[in-house]
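The values are calculated or read from the model by the stated rules, or taken from the named source; none is laboratory data. Computed from a prediction, not measured in an experiment: that's the story for all the values here. Positions of Cβ are backbone-derived with ideal geometry, glycine not excepted, and every protein chain shown enters the neighbour counts.
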Amino acid sequence: MAIELPAAIAGYFASDLPGETDNLGQFFTEDAHVHDEGEDYDGRDEIVAWRTAAKQRYTYTAEPLAVTERDSNTIVRTRLEGNFPGSPVDVDFIFRLRDGLIAGLEVA
């Protein structure tokens, strides 16, 4: 079953597909913030470096399963599967959008 995601969030997941060009930065605001695995990343450059490092460290897929809206956030339940400890795992990607772009992301 396909789920409908806001354009920037759909772009975020599409940019992570194998064989896709990493155009991740275009989906984030200049001052965006990401929190993942206890670390914080601020601004497009750090966010792109975070994603690049994850792709070098792990081979994985991210499949959005469901989407909900809560407290001005878009929460995408996602199955991560790959060569990392605990795989597969379902996690929440908690997105905060501003002006159609991702201003915040927490992977929980």
If you check residue 52 against the conditions, is it over 18 Å from residue 26 (Cβ atoms) and in contact (Cβ under 8 Å) with a residue 24 or more places away in the chain?
no
Restricting to region 65-99, give me the number of residues that are more than 19 Å from residue 16 (Cα to Cα) and part of a loop (DSSP other than H, G, I, E, B).
5
Under 8 Å between Cβ atoms, which residue pairs at least 6 apart in sequence (or on different chains) link something in region 1-23 that is closer than 15 Å to residue 93 by Cβ with a partner that is at pLDDT 95 or above and assigned to a loop (DSSP other than H, G, I, E, B)?
6/100; 8/100; 13/5
I need the full set of residues from region 63-99 which are farther than 21 Å from residue 29 by Cα, in contact (Cβ under 8 Å) with a residue 24 or more places away in the chain and surrounded by fewer than 17 Cβ atoms within 10 Å (Cβ to Cβ), in order please.
65, 66, 82, 83, 84, 87, 90
Step by step: first the residues of region 23-62, then only those that are acidic (Asp, Glu) and closer than 23 Å to residue 87 by Cα, then the one that is surrounded by the most Cβ atoms within 10 Å (Cβ to Cβ). Which residue is that?
36
